[in-house]
Amino acid sequence: MSKSRPATWAAGAILATLPTSALLADTPPSPRQLPALAASSENASVIGVSSGGYMATQLAVAWPERFAGLGVLAAGPWSCAQGSLGLALGQCMTTRRGMPDMQALEQRLAGYRERDLVGEAGALESLRVYVWHGAADEVVEPRLGEALVEQFQGWLSDPSQLQWRQDTDVGHGWPVDVTLGHADESALADCHDAGPPHLLACDSDIAGDALNWLHGDLTPPADAEAAGELRRFDQGDYDARGLADTGYLFVPEGCEEGGCEVSMALHGCGMAAEQIGDTFVSHTGLNAWAAENRRIVIYPQTETRLGNPQACWDWWGYAESTWQLDPMHDSRQGTQTRALMAMLERLQEALPTR
């Protein structure tokens, strides 16, 4: 999300395998079809920042039975915008129109549940949830992170399933601990002032903190270099308005044989590869943790376009039909949520017969 332009912000079976440094070469090989990797259907997670945080929550609420964990950075409550750009700007980034009506959001969830458009309450209450927000965030009001925490405290079966972290003097984005050697500090933004690319040099390993909370005590990365391959894949098979042509996938060594778990990572506005190259897909810290713990990471991508010039994920309804008075972007009928679930299901398909 752009701090300087909030209104504009709102508005085959084989992959091409490339080292990270070559992903954005002038003429890289064409991306291939997302592969079936016989990934585990257990212990999957989705983690997102900013608009990706809003989308991650939409995905987890729509299909809670398919996820064990949800991580949300710098975003507010589920369905905050309720299909309205005005609410997205005035109640879900700033709060100049007041805080979100939490009772209205509960009624929206109940209505969706009656129509089988989201998961059952029993599946939702079993999630583990990690919520982070920078207290110096000037793009998404930090109190909105607290509102998301309030929602999940009412939904989860036990408060101990939720971790809430708010860091003082940290701006809008995804904090990264550069001392671990997983990211190039010159490619990151200042921790407090934030701004593009919204990966923040904060000496704070949010990727590791979130993954450990969601999935138990993981093995810390032994090396700065993640043992695996960062690949490009064709998103054309997943027909949804707003998706870019190419997505990215990190496959740790050995995961092509099947059985690895999956995390989906969703960038924020202004953080797509079209805008910042491979910075998000390479420097969050997720790949290093994933390599050490046999966890595939998929990085779906959105594109810049008229009505969405900052390549945000659809958390206010822009990707739905123009005639819909009440777009269901935040349900199982959302075009982007369906596409993301199809990607996860593809990774979990059995390996092709040899």
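No lab work stands behind these numbers, since they all come straight from the coordinates. What you see is a predicted model, and the numbers here were worked out from it, not measured in a lab. Please note: Cβ atoms are built from the backbone with ideal geometry, for glycine as well, and neighbour counts cover all protein chains shown.
When each of Leu162, Leu306 is scored by the number of other beta-carbon atoms lying within 10 Å, the sequence from fewest to most is Leu306, Leu162.
By count of other Cβ within 10 Å, fewest leading, how are Ser51, Ser321 ordered?
Ser321, Ser51
Net charge near Ser160: determine it from the other residues with C-beta under 14 Å of the C-beta of Ser160, scoring Lys and Arg +1 and Asp and Glu -1.
On the way: positive: Arg128; negative: Glu125, Asp158.
Combined, the nearby Lys, Arg, Asp and Glu give -1.
Computed 3J(HN,Hα) for the range 72-84, one whole-Hz value per residue from the Karplus formula 6.51 cos²θ - 1.76 cosθ + 1.60 where θ = phi - 60°, is 10, 10, 6, 8, x, x, 4, 6, 3, 7, 6, x, 10, glycine and proline marked x.
Per-peptide packing, taken as the mean over residues of other Cβ atoms within 10 Å, places 190-201, 32-43 in the sequence 190-201, 32-43 from highest down.
With a sphere of radius 12 Å drawn around the Cβ of Tyr299, what net charge do the other residues whose Cβ falls strictly inside it have (Lys, Arg +1; Asp, Glu -1)? If you can, show how the numbers build up before the last one.
Working: positive: Arg231, Arg232; negative: Asp278.
Value of the local net charge: +1.
Backbone amide hydrogens, once placed in the peptide plane, bring Gly119 within less than 5 Å of Ala62, Trp63, excluding anything fewer than 5 places away on its chain.
P(r) for the range 130-218, from all Cα pairs and a bin width of 10 Å, is 18, 43, 31, 8, 0 %, short bins first.
Please report the antiparallel percentage of the DSSP beta bridges confined to the range 6-347, to the nearest 5.
Numbers: 16 of 47 bridges.
Within the range 6-347, antiparallel bridges account for around 35 percent of the total.
Less than 5 angstrom separates the built amide H of Arg231 from those of Leu249, Phe250, Val251, all sequence-distant by 5 or more or on a different chain.
Computed 3J(HN,Hα) for the range 291-304, one whole-Hz value per residue from the Karplus formula 6.51 cos²θ - 1.76 cosθ + 1.60 where θ = phi - 60°, is 4, 6, 10, 6, 10, 6, 10, 10, 10, x, 10, 9, 10, 6, glycine and proline marked x.
Spin-label model, Ala135/Leu218: points 7 Å from Cα along the beta carbon direction are separated by 2.7 nm.
For the range 284-289, backbone phi angles converted through the Karplus equation (6.51, -1.76, 1.60; θ = phi - 60°) give residue-by-residue couplings of 6, x, 4, 5, 5, 5 Hz, Gly and Pro being listed as x.
Dividing the Cα radius of gyration of the range 207-354 by its Kirkwood radius returns 0.99 for Rg/Rh. Distance distribution note for the range 6-347: the fraction of Cα pairs above 30 angstrom is 27%. Amide H contacts under 5 Å for Gly268: Val49, Gly52, restricted to partners 5 or more places along the chain or on a different chain, H placed in the peptide plane at 1.01 Å from N.
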